[in-house]
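Okay, structure first, notes after.
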Amino acid sequence: MSFTGGSWSDKFGLRMPPGARVAGRQGETFSLSVEIPTDNDGFLGQQCPSCRALFRLDADDYEALPDDIELWCAYCGGRGDTGDFLTEQQMDRIQSAVGDLGEQIIGNALDEIFGGIARKSRSRPRPGFGIEVTYKSTPFSPKALPGIDEEALVRVRNCIRCSLRYAVFGEHRFCPSCGPLPSSVVAFDALAAETARLDAFAALPLAVAAVLREQGVFDRLWVDTLENLVGIVEVLAGNLFKDAVPEAALKLGKKGNIFQRLDDMATLFVSEGYEDLRAAVGDLAWSRLVDVWAIRHLFTHNDGIVDAKYVAKVPHSTAQLGQRLTVTEALCRQAIADTGVLCRALSSLTDNP
């Protein structure tokens, strides 16, 4: 198979449709070249053999990859040869060309067999025994190859390590060429997704939004946003610490979920000789983050009902014991912005791109 090809091929006495050609023959073995067209943006579809999800690669970048490269699925990280990542539509196109080739090979064999029988029957009649063989060869007309009509691109990604241009249609963790994405890239992608989710809900028609608001969907969305922000920071900080600090696992010991606790996390990095995150983020943003982390903890462990621990953590809060906190869209958007500042500060600590 090839991603380039011509039109009709008669070098081997075979007729192929535009986009397919017989590239070679050794005995009874044929090599077939089938053109796989790119989309309007010059990207080539790929489909993971494991999770079956689709992504795209820039065709020029694809051609520049080593012949023996092992590709990664952008989503699940499954690995395989380039031929393993053909999409269903690409396989249909190839199988159509293979079918045309096979039909001609069989037809030519039948022409030879029945043509020979007919000639022998006419040339050697036997007394008292009659036989007549009639065989009519039908000219072959190849079928047009199926086209490729896969989902259009929305956003093109560019790997900061290998510069591969690719496109995905969902949350992903791997570059198709060089593997796992840097932790900072994953974190900022996740922050962008949180903003996009808030934007999508804000753009809902008023009638739909009213129903969802009445059912508490918006409230759950905003609480979930805070939960996700804590998770984003926890994963990023943990990965950066483990990558940068020798014997990190030993030093973390039984500290528990230290990367969920902002001040403890900052102190931990300081103990290893890194800049104080509190200074890098700034007093005002850090104070807002501490409040958000406390609100998230309260919803996760006490359904948002104010307890003594929350009052001690956020002494300036006007909320009373037993009162249930409310989370707003404005709070979430500010929290996303402040978390972005924190993530940039974390990445800068260890010069992680």
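Listed here are the residues, each with its yes/no results for (1) among the aliphatic types (A, V, I, L, M); (2) closer than 30 Å to R15 by Cα; (3) open to solvent by less than 20 Å² (accessible area, probe 1.4 Å); (4) touching a residue at least 12 places away in the same chain (Cβ under 8 Å).
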position	(1), (2), (3), (4)
P142	no, yes, no, yes
R155	no, no, no, yes
R165	no, no, no, yes
F169	no, no, no, yes
P176	no, no, yes, yes
P182	no, no, yes, yes
V186	yes, no, no, yes
L191	yes, no, yes, yes
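How many residues are more than 14 Å from G238 (Cα to Cα) and open to solvent by less than 60 Å² (accessible area, probe 1.4 Å) when one looks only at the range 258-271?
In the first step, residues of the range 258-271 are kept if they are more than 14 Å from G238 (Cα to Cα); the result is 263, 270-271.
If we keep only those that are open to solvent by less than 60 Å² (accessible area, probe 1.4 Å) as well, we get 263.
Residues that pass the stated criteria total 1.
Taking the stated definitions as given, is T195 of a type in the set (S, T, N, Q), within 25 Å of H297 (Cβ to Cβ) and open to solvent by 20 Å² or more (accessible area, probe 1.4 Å)? Steps first, answer last, please.
Details: of a type in the set (S, T, N, Q): yes; within 25 Å of H297 (Cβ to Cβ): yes; open to solvent by 20 Å² or more (accessible area, probe 1.4 Å): yes.
So T195 passes the test.
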Residue list for the range 198-208, restricted to those being loosely packed, with under 15 Cβ neighbours inside 10 Å and part of a helix (DSSP H, G or I): D199, A200, A202, L206, A207, V208
Pairs where the first residue, in the range 274-285, is open to solvent by 40 Å² or more (accessible area, probe 1.4 Å) and the second is in a helix (DSSP H, G or I) and of a type in the set (D, E, K, R), C-beta under 6 Å, 6+ apart: none
Failed item, numbered, when S348 is tested on (1) open to solvent by 70 Å² or more (accessible area, probe 1.4 Å); (2) of a type in the set (S, T, Y); (3) closer than 15 Å to W293 by Cβ: (3)
Residue count, the range 31-69 (criterion: hydrophobic (A, V, I, L, M, F, W, C) and crowded, with 18+ Cβ neighbours inside 10 Å): 10
The listed residue being touching a Lys or Arg at 6+ places or on another chain (Cβ under 9 Å) and among the hydrophobic types (A, V, I, L, M, F, W, C), out of F201, F169: F169
Any hit, the range 294-301, residues being at pLDDT 95 or above, touching a strand residue (DSSP E or B) at 6+ places or on another chain (Cβ under 8 Å) and exposed (fewer than 15 other Cβ atoms within 10 Å of the Cβ): no
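Tell me, which residue of the range 307-325 that is outside any loop (DSSP other than H, G, I, E, B) and of a type outside the set (A, V, I, L, M, F, W, C) is farthest from A294 (Cα to Cα)?
Step one: list which residues in the range 307-325 are outside any loop (DSSP other than H, G, I, E, B), which gives 308-313, 324.
From the residues that got through so far, the ones that are of a type outside the set (A, V, I, L, M, F, W, C) too are 309-310, 313, 324.
On the way: K309: 9, Y310: 6, K313: 7, R324: 13 Å.
Among residues in the range 307-325 that are outside any loop (DSSP other than H, G, I, E, B) and of a type outside the set (A, V, I, L, M, F, W, C), the one farthest from A294 (Cα to Cα) is R324.
Within the group K242, K255, K251, which residue is assigned to a loop (DSSP other than H, G, I, E, B), at pLDDT below 95, open to solvent by 50 Å² or more (accessible area, probe 1.4 Å) and on the phi < 0 side of the Ramachandran plot? Working first, answer last.
Working: K242 fails: assigned to a loop (DSSP other than H, G, I, E, B); K251 fails: assigned to a loop (DSSP other than H, G, I, E, B).
Testing whether each residue is assigned to a loop (DSSP other than H, G, I, E, B), at pLDDT below 95, open to solvent by 50 Å² or more (accessible area, probe 1.4 Å) and on the phi < 0 side of the Ramachandran plot leaves just K255.
Report, by residue number, each residue of the range 290-304 that is in a helix (DSSP H, G or I) and not polar (S, T, N, Q). Walk me through it before giving the result.
Taking the range 290-304 first, the residues in a helix (DSSP H, G or I) are 290-302.
Listed by number, the residues that qualify are V290, D291, V292, W293, A294, I295, R296, H297, L298, F299, H301.
The values are calculated or read from the model by the stated rules, or taken from the named source; none is laboratory data. Everything numeric here is computed off the predicted structure, so don't read it as measured data. With ideal geometry, Cβ positions are generated from the backbone for all residues, glycine too; neighbour counts draw on all protein chains shown. These area figures cover heavy atoms from the full protein model, side chains too; ligands, DNA and RNA do not enter into them. Shrake-Rupley method; radii C 1.70, N 1.55, O 1.52, S 1.80 Å.
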